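Worksheet: one structure, shown below.
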Amino acid sequence: SERSPPGSCSSLDTMAHANMNAMFPSGGFFDDWLILFEGISPYALADVGIGISIGVSVLGAAWGIFTTGSSLVGAAIKAPRIRSKNLISVIFCEAVAIYGVIIAIILSTKMGTPEDYPANTAADCQSPALLKATWPRLPGDGAACQGSLYMKNLLFAAYAIFNSGLTVGFSNLFCGICVGITGSGCALADAQNGTLFVKILIIEIFGSALGLFGVIVGIIMSSPAFIK
């Protein structure tokens with residue numbers, strides 16, 4: 001029988017399945033999940049990451065505004081003087097949503113269209129040097145050239161954008177909850193004792209910085225990813 005080239009899709013596919021069978025002797029359950037992830041379009045994966053970035057960030061901001069706003073409105077009935085300066089807590093919560101919008105815009109600029117990629121020729125499919133870039137394979141393609149020449153880079157960029165959006169979204173979610181609860185306590189404490197406002201505001205500023213950590217990590221994660 002004819003042997004596959006060292007860098008061919010079939011040899012890489014065989015090595016991958018051999019490693020999976022070593023880790024999971026039954027193989028069936030893991031193979032089902034592998035087929036599932038292979039069938040997901042890289043463009044859909046990247047779009048989901050962008051949606052998570054903005055959607056979960058807005059959820060965190062709304063949660064924080066609801067928490068601190070309800071306490072502020074209730075406490076302002078007895079102490080109207082707290083209304084203006086405690087609005088800074090609402091602004092901190094709103095900044096969480098702005099972080100998500102900024103990252104979503106940055107990730108969207110990394111997205112191209114499928115028409116940007118030229119189709120592979122028959123010579124590309126038979127070249128052992130180019131076959132290294134064709135793994136992972138696309139379901140339904142022929143054995144001679146499984147996958148696309150650009151699939152490897154597409155998957156890297158898609159997962160980088162997806163995980164960047166996931167990181168930013170959930171860091172902003174918990175940041176919004178933290179700022180909202182702290183802002184709620186700040187409003188109630190200020191209504192009772194005005195000297196406590198600045199002290200609790202410092203705690204709130206540190207809580208707001210948690211979202212910036214996620215934004216920084218998300219930008220670093222997505223910096224080498226371009227679907228163009």
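The values are calculated or read from the model by the stated rules, or taken from the named source; none is laboratory data. As the structure is a computational prediction, the values presented were derived from the model and not from experiment. As a convention, Cβ positions derive from the backbone with ideal geometry for all residues, glycine included, and neighbour counts pool all protein chains shown.
For this structure, a couple of remarks:
- Single residue of segment 210-228 satisfying the filter (small (Gly, Ala, Ser) and touching a residue at least 12 places away in the same chain (Cβ under 8 Å)) that is nearest to Ile82 (Cα to Cα): Gly211
- Yes/no for Ser57 being at pLDDT 85 or above, within 25 Å of Phe170 (Cα to Cα), within 21 Å of the chain's Cα centre (by Cα) and polar (S, T, N, Q): yes
- Whichever residue in segment 195-228 is more than 20 Å from Asn163 (Cα to Cα) and among the β-branched types (Val, Ile, Thr) and, among such residues, is nearest to the chain's Cα centre (by Cα): Ile205
- Among the conditions (1) surrounded by fewer than 16 Cβ atoms within 10 Å (Cβ to Cβ); (2) assigned to a helix (DSSP H, G or I); (3) at pLDDT below 55; (4) among the small types (Gly, Ala, Ser), the only one that Ser1 does not satisfy is (2).
Conditions (1) crowded, with 22+ Cβ neighbours inside 10 Å; (2) modelled with pLDDT of 55 or more; (3) among the β-branched types (Val, Ile, Thr), marked per residue:
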position	(1), (2), (3)
Ala122	no, no, no
Gly140	no, no, no
Ala144	no, no, no
Thr167	yes, yes, yes
Ala209	no, yes, no
Phe213	no, yes, no
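- Meets criteria (surrounded by fewer than 18 Cβ atoms within 10 Å (Cβ to Cβ) and hydrophobic (A, V, I, L, M, F, W, C)) for Ile227: no
- Screening the candidates Ala189, Ala158 for the property of being in contact with a helix residue (DSSP H, G or I) (Cβ under 6 Å, 6 or more places away or on another chain), assigned to a helix (DSSP H, G or I), without any contact (Cβ under 8 Å) to a residue 24 or more places away in the chain and not charged (D, E, K, R) yields one hit, Ala189.
- Number of residues in segment 65-81 that are of a type in the set (A, V, I, L, M, F, W, C) and touching a Gly at 6+ places or on another chain (Cβ under 8 Å) equals 3.
- Count of residues meeting criterion [among the small types (Gly, Ala, Ser) and either buried (at least 19 other Cβ atoms within 10 Å of the Cβ) or touching a His at 6+ places or on another chain (Cβ under 8 Å) (or both)] in segment 48-94: 10
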